[in-house]
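Below: one structure, written as structure tokens.
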Amino acid sequence: TRSTRPQRMLKAVQKNATKGNPESVISAIDYFCKNSEWAMNVGDEKGSILDSVVTEVNPSTVLELGTYCGYSTVRIARLLSPGTKLITLEFNPAYAAVARQIIAYAGLQDKVTLVEGPSSELIPQIKERFGITTFDFIFLDHWKDRYLPDIKLFEECGLLRKGSVLLADNVICPGTPEYLEYVRNSPHYESRYYPAHLEYTKVEDGLEKSVFLG
Ligand code: SAM
Ligand code: MG
């Protein structure tokens with residue numbers, strides 16, 4: 001049977017990247033997506049915005065919604081200070097299996113906990129399961145209609161503290177209008193848009209950074 005796109009992305013990493021070198025893993029995936037097959041990674045242009053926000057926040061606790069093949073997981077994990085834990089959630093077992101291999105190829109498996117399941121079920125379990133009190137940084141990049149219900153779940157579960165930073169991908173394309181309207185109008189967030197383009201294209205897209213004010 002024919003291989004899947006995530007399997008072909010993993011092959012490209014194994015062929016072209018250096019084990020234990022996250023930068024080479026990122027480059028190999030970007031090269032594959034620009035030259036062979038488009039894929040829904042945050043990509044290099046928005047990825048560098050993600051990098052600068054992670055560096056600025058210097059988080060000790062990080063949550064990612066939507067792992068896919070682990071591209072953004074590798075981007076974030078490579079910037080984390082020693083001792084920082086990144087929890088990433090993915091409900092597709094085939095994607096999770098590829099992501100585990102890509103994260104391990106980059107040498108970042110000790111910094112990352114990949115949890116398989118739907119965010120709506122897992123978010124309420126996070127405190128107990130992982131001994132987390134609040135997240136310093138959250139990257140939202142799962143299905144776009146889940147951003148709004150899941151940010152409300154963070155609030156209900158007490159996973160945000162004053163100063164927690166949320167960064168949401170694809171707020172223009174495919175778009176998350178209800179989420180944008182919520183974070184931009186709620187007195188509990190200070191929100192800012194970072195314009196860019198949909199990964200590996202010239203189509204307008206961007207990231208929304210929202211700081212929880214308590
Ligand atoms: N963050 C990744 C990157 O930049 O490399 C890309 C993530 S991709 C755009 C979205 C992923 O979220 C898909 O792999 C999908 O299976 C997963 N997903 C969507 N809704 C989810 C949910 N409610 N819970 C867990 N995973 C979900
Ligand atoms: Mg995205």
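The values are calculated or read from the model by the stated rules, or taken from the named source; none is laboratory data. Only a predicted model underlies this, so the values are computations on that prediction, with no experimental measurement involved. Note: ideal-geometry Cβ built from the backbone for every residue, glycine included; neighbour counts use all protein chains shown.
Being among the aromatic types (Phe, Trp, Tyr) and either more than 16 Å from ligand 2 (Cβ to nearest atom) or within 24 Å of residue 192 (Cβ to Cβ) (or both): is that true of residue 137 here? Here the answer is yes, as residue 137 does meet what is asked.
Name the helices (runs of 4 or more DSSP H) wholly inside segment 1-87 in which the number of residues that are away from ligand 1 (no atom under 12 Å from the Cβ), of a type in the set (A, V, I, L, M, F, W, C) and surrounded by 14 or more Cβ atoms within 10 Å (Cβ to Cβ) is 3 or more.
Details: elements: 5-16, 22-35, 43-57, 71-77.
Result: 5-16, 43-57.
Filtered by the rule that a residue be surrounded by fewer than 23 Cβ atoms within 10 Å (Cβ to Cβ), more than 7 Å from ligand 1 (Cβ to nearest atom) and under 14 Å from the mean Cα position of the chain (by Cα), segment 88-110 gives a lone residue, 96.
Can you pull out the residues in segment 140-195 that are in a loop (DSSP other than H, G, I, E, B) and hydrophobic (A, V, I, L, M, F, W, C)? Can you show your working first?
The initial filter retains those residues of segment 140-195 that are in a loop (DSSP other than H, G, I, E, B), namely 141-143, 157-164, 169-170, 176, 186-188.
Those that are in a loop (DSSP other than H, G, I, E, B) and hydrophobic (A, V, I, L, M, F, W, C): 143, 157, 159, 160.
Total residues in segment 103-124 satisfying the condition of being within 18 Å of residue 141 (Cα to Cα), touching a residue at least 24 places away in the same chain (Cβ under 8 Å) and not hydroxyl-bearing (Ser, Thr, Tyr): the figure is 9.
For segment 197-214, the tally of residues that are buried (at least 20 other Cβ atoms within 10 Å of the Cβ) and of a type in the set (Phe, Trp, Tyr) stands at 1.
Residues in segment 150-196 that are within 16 Å of ligand 2 (Cβ to nearest atom) and of a type in the set (D, E, K, R) were compared, and the one that is surrounded by the most Cβ atoms within 10 Å (Cβ to Cβ) is 169.
Close Cβ contacts (under 6 Å, 6 or more residues apart or on different chains) running from residues in segment 28-54 that are in contact (Cβ under 8 Å) with a residue 12 or more places away in the chain to residues that are among the polar types (S, T, N, Q) comprise 28/16; 42/72.
Each row is one residue, and each column tells you yes or no for (1) within 16 Å of ligand 2 (Cβ to nearest atom); (2) touching a helix residue (DSSP H, G or I) at 6+ places or on another chain (Cβ under 8 Å); (3) at pLDDT 95 or above.
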position	(1), (2), (3)
13	no, yes, yes
16	no, yes, yes
56	no, no, yes
61	no, no, yes
65	yes, yes, yes
73	yes, yes, yes
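One residue is enough: does segment 50-58 have a residue meeting the conditions hydroxyl-bearing (Ser, Thr, Tyr) and either closer than 30 Å to residue 121 by Cβ or touching a Phe, Trp or Tyr at 6+ places or on another chain (Cβ under 6 Å) (or both)? The answer is no, given that none of the residues of segment 50-58 is hydroxyl-bearing (Ser, Thr, Tyr) and either closer than 30 Å to residue 121 by Cβ or touching a Phe, Trp or Tyr at 6+ places or on another chain (Cβ under 6 Å) (or both).
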